[in-house]
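Here is the structure we will look at, set down as structure tokens.
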Amino acid sequence: MTDSRPGSARANEDWVGNTHEVTVVLDGLTAPEGVGGCIHGTPWYVSRLGNHLLEAASVQQTPLRESLRKAISGVSAEHADSCDLSNPGTPSSTVALVRVTSTRVEALVLADSPVVVDLDHGLSVITDQSVETVVHAEREAALAAPTGSQEKADRMAELVRAQRLVRNTPEGYWIAGANPDAADHAIERSWPREEVRRFAAMTDGVSCLVDVYNAMSWSDLLNTAQANITDVISTVRRVEDTDPEGVRWPRYKKSDDATIAYVELD
């Protein structure tokens, strides 16, 4: 089961897709208007990356990091002739990837779109919050500005500029873009299939219910998705509507694009 909704009137820059074995959730990074070397834009990029990932990861003998490397390379080849992929504003995305085989459940996470796995002995949450460890001053200034204000827009532009200087570098954080080497920095986990009851992959527009708003636990989130997956994002929106200016919960936007995939195993 999947659900994906935009956070504003802009096009949804998240993407979700799944097959019988592979689940992919992507969170594309928003680029300021007129910035970047790609003529296609973020929604195009995540759609192409997602489809390449579904194809590459469907080959069970291929490790997930290698699948991601192939997917990034595949998208880059599609628009290298038309776009400046060396531009730091070229489209990029987080990655949450899960593959279920006859014997194993494998997960890969690049950046802050988490995978939550319900095991016989408890929950495992896989995420990479490296982006939160860089450009502290710019991030705090962006969070402090009132949501929807010109000050917020200015501070967000400063944050994006600062993040680009350390994106996909050893001193910063890693994300899927044009450089396939980013795949080497993804987090991988694996469990025997018989130990896994269910799992969910999501963007931070959904995980904020737990790690920002404290509106529910990870178990609550999984249970809500099990009962009616559309209730998960509906709950996110209800919570956000109680704090439209980001006073109680400082954040970059009133509402972010939100996407979740939920899978139960036999």
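The values are calculated or read from the model by the stated rules, or taken from the named source; none is laboratory data. In this text, all values refer to a predicted model and were calculated from it rather than measured experimentally. Here Cβ is always computed from backbone atoms with ideal geometry, including for glycine, and neighbour counts include all displayed protein chains.
Taken over the stretch 220-237, the criterion of being within 20 Å of the chain's Cα centre (by Cα) and not in a helix (DSSP H, G or I) is satisfied by ILE229 alone. Of the residues that sit in the stretch 245-266 and are assigned to a loop (DSSP other than H, G, I, E, B) and aromatic (Phe, Trp, Tyr), which one is nearest to the chain's Cα centre (by Cα)? Of everything passing the filter in the stretch 245-266, TYR252 is nearest to the chain's Cα centre (by Cα). Scanning the stretch 14-43 for residues that are assigned to a loop (DSSP other than H, G, I, E, B) and either modelled with pLDDT of 95 or more or among the acidic types (Asp, Glu) (or both) turns up THR19, GLU21, GLU33.
ALA153 meets the conditions (1) among the small types (Gly, Ala, Ser); (2) surrounded by 14 or more Cβ atoms within 10 Å (Cβ to Cβ); (3) in a helix (DSSP H, G or I) in every case but one. The failed one is (2). Among the residues of the stretch 2-13, at least one is buried (at least 23 other Cβ atoms within 10 Å of the Cβ), at pLDDT 95 or above and of a type outside the set (S, T, N, Q).
Within the stretch 150-181, the residues that satisfy the criterion of being small (Gly, Ala, Ser) and either closer than 12 Å to LEU110 by Cα or touching a Ser or Thr at 6+ places or on another chain (Cβ under 9 Å) (or both) are GLY172, ALA176, GLY177, ALA178. Selection of the stretch 253-266 for residues being in contact (Cβ under 8 Å) with a residue 60 or more places away in the chain and not aromatic (Phe, Trp, Tyr) yields LYS253, LYS254, SER255, ASP256, ASP257, ALA258, THR259, ILE260, ALA261, VAL263, GLU264, LEU265. Within the stretch 102-141, how many residues are without any contact (Cβ under 8 Å) to a residue 40 or more places away in the chain, surrounded by fewer than 17 Cβ atoms within 10 Å (Cβ to Cβ) and small (Gly, Ala, Ser)? So the answer is 2. So ALA162 fits all but one of (1) out of contact with any strand residue (DSSP E or B) (no Cβ under 6 Å at 6 or more places or on another chain); (2) aliphatic (A, V, I, L, M); (3) in contact (Cβ under 8 Å) with a residue 40 or more places away in the chain; (4) in a helix (DSSP H, G or I); what number is the exception? Of (1) out of contact with any strand residue (DSSP E or B) (no Cβ under 6 Å at 6 or more places or on another chain); (2) aliphatic (A, V, I, L, M); (3) in contact (Cβ under 8 Å) with a residue 40 or more places away in the chain; (4) in a helix (DSSP H, G or I), only one is false for ALA162: (3). Within the option set PRO180, PRO170, PRO192, PRO250, being surrounded by fewer than 16 Cβ atoms within 10 Å (Cβ to Cβ), in contact (Cβ under 8 Å) with a residue 12 or more places away in the chain and at negative phi holds for one residue only, PRO192. When the test is whether a residue is modelled with pLDDT under 90, in contact with a helix residue (DSSP H, G or I) (Cβ under 9 Å, 6 or more places away or on another chain) and not in a loop (DSSP other than H, G, I, E, B), GLU188 does not pass it. Can you confirm whether ARG197 is exposed (fewer than 15 other Cβ atoms within 10 Å of the Cβ), among the charged types (D, E, K, R) and touching a residue at least 60 places away in the same chain (Cβ under 8 Å)? In short, yes. Residues in the stretch 191-219 that are in a helix (DSSP H, G or I) and either within 21 Å of THR103 (Cβ to Cβ) or charged (D, E, K, R) (or both): ARG193, GLU194, GLU195, ASP204, ASP211. Being at pLDDT below 90, of a type in the set (Val, Ile, Thr) and touching a Lys or Arg at 6+ places or on another chain (Cβ under 7 Å) holds for only one residue in THR147, THR133, and it is THR147.
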